[in-house]
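Derivation of every value follows stated rules applied to the coordinates shown; laboratory data play no part. Since the structure is predicted, the reported quantities are computational estimates derived from the model, not experimental observations. Here the Cβ is made from the backbone with ideal geometry for all residues, glycine too, and neighbour counts use every protein chain on show.
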Amino acid sequence: MLKRTQISVKGLIQGVGFRPFIFNLAKKLSLSGFVQNDTNGVFIDVEGCDSSIDEFLDCLVKSPPPHAIIEDLQYTSLPPKGCKDFIIEESAIKENNATMICADIATCPDCLKELFDLGDRRYRYPFINCTNCGPRFTIVKDIPYDRINTTMSDFHMCHDCSSEYYDPKNRRFHAQPNACSSCGPQLKLLNNEGFAVQTQDPISTVCTLLQDGKIVVIKGLGGYHLACDAMSGKTVSTLRKKKYREDKPFAVMMENIKTVRQFCHVNAKEENLLLSTQRPIVLLRKKSSCTMPHDIAPGNLYLGIMLPYTPLHHLVIKESGLSLVMTSGNMSDEPIAFKDNEAYARLKGIADYFLTHEREIFMRCDDSVVRVNENNEMIIRRSRGYAPYPLKLECFFTRQILACGAFLKNTFCMGRGNHAFLSHHIGDLENTETLNSFESAIEH
């Protein structure tokens, strides 16, 4: 017996490969209709034999994409209208903007394999991504989550990327930031006077500069980092003085868990956090044999360690062979720099070189910081990888509420429906730059 069902899905379902999942599931079950993003979530209109639709709904609830979180699913039955195929329709704009934006996701194993595969067309391409990983929150200008509403809108996909984007069997089917070296963002290397450094390979050049004890500003997902060789006491001390950072610890990025274990104690829970798709900075207890320079974390028994989470990080860390200080690109007490001109103006007195690129960061977002306490994750700074995913509450807000947060270590919170949307880390509201960051984040 033929059956038609309209399904409205809400939750974290945009930017996680949900539409491709629905498309392929419908095709597998010989169903027709369409799926589309809208400003409330995802809308599905599907028809076919009743047992197939029942199986479709069951798979939708029990086996969604790995990063998807379904919080509400409503469906109604309607008379069949005789659709012949199943398609992904253009996104729709509805009255209420209630959908959730996905946090940025660390580079997945499949993309990482391609990144270092000499025969792959994206070999060493520092902006490789797919439906399972890459930038999300930091490039989104508006919802629904479509390329036109991101900072990738200026990059028009080449034939090969476009073929992947429209191929249901491809991992990049409807991957909005999809790009390659032929059509996507490119790296630029500048000195601290703002002049381009002539090089055919910015990554190799930067690796040599870091090995030579230089301080390099590196543009990341949600802002700029100040990077240097973490094992060079002289360079670390110089960075600390130039940044006016008297004693706060520097975060260190290491290539893998094996390297981390040379310096710190790592239990199973801590290892899982280091390897998670959020890739936070994890506070780890130093070993008595730790040879890290004193100025990494003066007077501290712990080190803040993270693993690479962007393709560019993986390339620089692996090819330099170094563990790197990766501290927020700012002067002490300022927000992390995320605009190109702003980064140069604020950091040229600290850094020797700037490794930047053409993909705009729309929303600044600093690294998250966590630790393990009694085998439970304790979030100290909730930001990249976690924000802007909300906390689900038992109560219900009858109207939207804004909680502006504290003056020091600021975050704000938006209460809407049964969710509390905690912002990313803002910082101390004691200067104009941080206040502007606070206001722009609320508007977003």
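Rounded to two decimal places and with Rh computed the Kirkwood way over Cα pairs, what is Rg over Rh for segment 95-180?
0.98
Tell me, what HN-Hα J-couplings in whole Hz come from the Karplus equation 6.51 cos²θ - 1.76 cosθ + 1.60 at θ = phi - 60° for each residue of segment 112-125, using x for Gly and Pro?
These are the phi-based 3J(HN,Hα) values: 5, 4, 5, 4, 10, 8, 4, x, 8, 5, 9, 3, 6, 7 Hz.
In nm, give the distance between the simple-model label positions of residue 258 and residue 50, each being 7 Å from the Cα along the Cα-to-Cβ direction.
5.9 nm
Counting only residues 5 or more places away or on other chains, whose amide H sits under 5 Å from the amide H of residue 357 once H atoms are built in the peptide plane?
Result for residue 357 returns 188.
Say the cut-off is 26 Å between C-alpha atoms; which of 28/81; 234/286; 28/113 go over it?
Exceeds cut-off: 28/113.
With +1 assigned to the C-beta of every Lys and Arg and -1 to the C-beta of every Asp and Glu, and no other charges, what is the dipole magnitude of segment 386-443 about the Cα centre in debye, to the nearest 20?
Working: 4 positive and 6 negative charges, 71 e Å.
Rounded to the nearest 20 debye, it is 340 debye.
As a test of the formula, what do you get for the chain when each DSSP H run with n ≥ 4 contributes -39,500 (n - 2.57) and the sum is divided by the residue count, at 222 nm and rounded to the nearest 500 deg cm²/dmol?
For the chain, the value works out to -6500 deg cm²/dmol.
Pairing the Cα long axis of helix 202-211 with the longest principal axis of the chain, what angle in degrees results, from 0 to 90 and rounded to the nearest 10?
So the helix axis and the longest Cα principal axis differ by about 40 degrees.
Counting only other residues whose beta carbon sits under 13 Å from that of residue 261, what net charge do I get with K and R as +1, D and E as -1?
Neighbourhood net charge equals +1.
Could you give the nm distance between label points at residue 113 and residue 394, where each point is 7 Å from its Cα heading toward the beta carbon?
4.5 nm
State whether segment 266-417 is rounded, prolate or oblate according to the following rule on the C-alpha gyration tensor (a ≥ b ≥ c being the square roots of its eigenvalues): a/c under 1.5 gives rounded; otherwise a/b larger than b/c gives prolate, and the remaining case gives oblate.
Here segment 266-417 falls in the oblate category.
With Cβ to Cβ distances under 13 Å as the rule, what net charge do the other residues near residue 302 carry (K, R +1; D, E -1)?
Every neighbour counted, the sum reads +4.
Looking at segment 235-315, which GluC sites (Glu not before Pro) are DSSP coil and have at most 14 other C-beta atoms within 10 Å of their C-beta? Working shown, then result.
On the way: sites: 246, 255, 270, 271; in loops: 246, 255.
Sparse-neighbourhood loop GluC sites (Glu not before Pro): 246.
Hey, which aspartates and glutamates would be in cross-link range of residue 241, C-alpha to C-alpha under 12 Å, not counting anything within fewer than 8 residues on its own chain?
Partners found: 295.
Using DSSP to call loops (not H, G, I, E or B), can you name the GluC sites (Glu not before Pro) in segment 344-400 whose Cβ has at most 10 other Cβ atoms within 10 angstrom?
Counting only loop positions with at most 10 other Cβ atoms within 10 Å, the GluC sites (Glu not before Pro) in segment 344-400 are 374.
If the cut-off is a Cα-Cα distance under 16 Å, which lysines reach residue 392, setting aside same-chain residues fewer than 8 apart in sequence?
Leaving aside lysines fewer than 8 places away in the same chain, those within reach of residue 392 are 10.
Compute the length gained on full extension between residue 416 and residue 285: take 0.36 nm times their separation in residues and subtract their Cα-Cα distance, giving the result in nm to one decimal.
43.3 nm
Can you give the angle from 0 to 90° between the axis of helix 18-28 and the longest principal axis of the chain, with both taken from C-alpha atoms, to the nearest 10?
Helix 18-28 and the main axis of the chain meet at about 40 degrees.
Compute the distance from the alpha-carbon center of segment 265-318 to that of segment 38-81, in whole Å.
41 Å
Rounded to the nearest 20 Debye, what is the dipole magnitude of the chain about its Cα centre when Lys and Arg each give +1 and Asp and Glu each give -1 at the C-beta?
Values: 51 positive and 52 negative charges, 174 e Å.
Result for the chain is approximately 840 debye, rounded to the nearest 20.
Excluding residue 9 itself, what net charge comes from residues whose Cβ is under 11 Å from its Cβ, given Lys and Arg +1 and Asp and Glu -1?
-1
Roughly what angle does helix 432-443 make with the longest principal axis of the chain, taking Cα atoms, 0 to 90 degrees, to the nearest 10?
10 degrees
Could you tell me which of the pairs 141/188; 219/287; 214/409; 188/242 are separated by over 26 angstrom between their Cα atoms in the structure shown?
In this structure, 219/287; 214/409 exceed 26 Å between Cα atoms.
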